[in-house]
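Okay, structure first, notes after.
The values are calculated or read from the model by the stated rules, or taken from the named source; none is laboratory data. Since the structure is predicted, the reported quantities are computational estimates derived from the model, not experimental observations. Backbone-built Cβ (ideal geometry, glycine too); neighbour counts: all protein chains shown. Heavy atoms of the whole protein, side chains included, go into the accessibility calculation; ligands, DNA and RNA do not. Shrake-Rupley method; radii C 1.70, N 1.55, O 1.52, S 1.80 Å.
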Amino acid sequence: MIDSHVHIVGNGSSGSGCRIQHSGAHKLLAHYMLHQLGLPQSSLRGDLDNIFVNRLVHFVESSELEQVVILAHEKVYDESGRVIDEEKSLYVPNDYIFRLAEKHNCFLPAVSIHPARADAIDELERCAEKGAVLMKCLPNCQNINCSDPRYKPFWSKMAELKLPLLAHTGGEHTVKQYNAKYADPRTLRSPLECGVTVIAAHCGTKSGVVDPEYFDVFCDLLQEHPNLYGDISGLQLPVRSAYLPRCTEGLVAERILHGSDFPVPSQPIWSWLRGHISAKTFAEARSIKNPLQRDVFVKRAIGIPDDAFTRAKQILRIPEQ
Ligand SMILES: [Zn+2]
């Protein structure tokens, strides 16, 4: 079993080069996530790099999961390839992800590369060589217009390297948004047409009440593009939880991959309040302190098919062992 959507968070304390976002609402969110993980608030200023990784390894090893895909997080670039808001933005370098995956067998490395970078294609090749299992980006938060024709050679290179694209879809509130329109899964048509296997993170579901809803758009795109998949990460949250039962049937059920979106909290209360799980199942879920395992438990109880938990093995660029 593989969890194909796990974030690495760090403050650079181990020399990782990581940065966290410190401003306003994002700071509150960071504190809330630490609370969920049972970590002291002082971790933000302490050795967050190692505290976070050790906690994650512990959760993976004490769950049913064999491996988790750990995600790098690219800087924000403008269309001309210049970094913007460098000091204010979240950052997790590709090389840090590779170092962690070398050290821990339960980690599969996923890189993040902005296609506007002057060295974007070189970096793709370098990362594929080093064993990247996918390339992750957040088009709306990293300012990536996937439909921009200038990025076609980049998508074609990904297709050639058989490196799947995991792209965030739907609204986002944990990091700053640059262009809300890029949350629309239809903007992924260009990489899909270039032959890239694309995984729409969160299946286009909305995160905030007022965000536009793209789940039905995602379902229509599945019909058109056999190389499109979706992940069910972050779906145990107040608004997104509405869509989990719809992921248990039809074409969606055949094309989803399990992901947690750790350390984004997995809150079974929403599935219970919506009547998707019984009071007994909810009580059992609450007793599971490991958030990765709790996420698996609730999704299974809702009826997410077993294949969704193992499909990553066929879709991602995982070397034969
Ligand atoms: Zn995520």
With Rh as the Kirkwood radius over Cα pairs, region 40-151 has Rg/Rh of 1.01
Whole-percent tail of the Cα-Cα distance distribution for region 139-199, cut at 19 Å, equals 27
Once both label points are put 7 Å beyond Cα along the C-beta direction, the residue 64-residue 220 separation in nm becomes 3.6
Once the in-chain neighbours fewer than 8 apart are removed, the aspartates and glutamates whose Cα is under 16 Å from residue 27 read 87, 172
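Using a probe of 1.4 angstrom, how much of the accessible area of region 271-321 is carbon and sulfur, in percent?
50
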Within the under-13-Å Cβ sphere about residue 152, not counting residue 152, Lys/Arg +1 and Asp/Glu -1 give a net charge of 0
Cross-link reach from residue 289 to lysines, straight Cα distance under 23 Å and at least 8 residues apart if same chain, gives 280, 299
Any residue on another chain or 5+ positions along whose placed amide H is under 5 Å from the amide H of residue 231 is listed here as 200, 201, 202, 203, 257
GNM on the chain, Cα springs under 10 Å; top mean-square fluctuation among 291, 245, 263 goes to 245
Rh_Kirkwood(the chain) over Cα pairs, Å, one decimal, evaluates to 19.5
With every protein chain kept in place and a 1.4 Å probe, the chain has an accessible area per residue in Å² of 41
Sorted list, accessible surface of protein heavy atoms, 1.4 Å probe, largest first, for 311, 126, 150, 99 is 150, 99, 126, 311
So the carbon and sulfur contribution to the accessible area of region 20-119, 1.4 Å probe, in percent, is 51
Its Cα gyration tensor gives region 260-321 an equivalent ellipsoid whose semi-axes in whole Å, largest first, are 26, 13, 9
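List the GluC sites (Glu not before Pro) in region 228-321 that DSSP assigns to loop (not H, G, I, E or B) and whose Cβ has at most 12 other Cβ atoms within 10 Å. Which are they?
When the GluC sites (Glu not before Pro) of region 228-321 are filtered for loop state and at most 12 Cβ neighbours within 10 Å, 249, 320 remain.
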Taking a straight Cα-to-Cα line shorter than 23 Å from residue 157, and setting aside same-chain lysines fewer than 8 residues away, one finds 75, 130, 136, 313
Mean-square fluctuation maximum in Gaussian network of the chain, Cα pairs under 10 Å, restricted to 69, 264, 209, hits 209
For 317, 117, the accessible-area ranking with a 1.4 Å probe, largest leading, is 317, 117
Which of 301, 167, 200 fluctuates most in a GNM of the chain (C-alpha springs under 10 Å)? That residue is 301
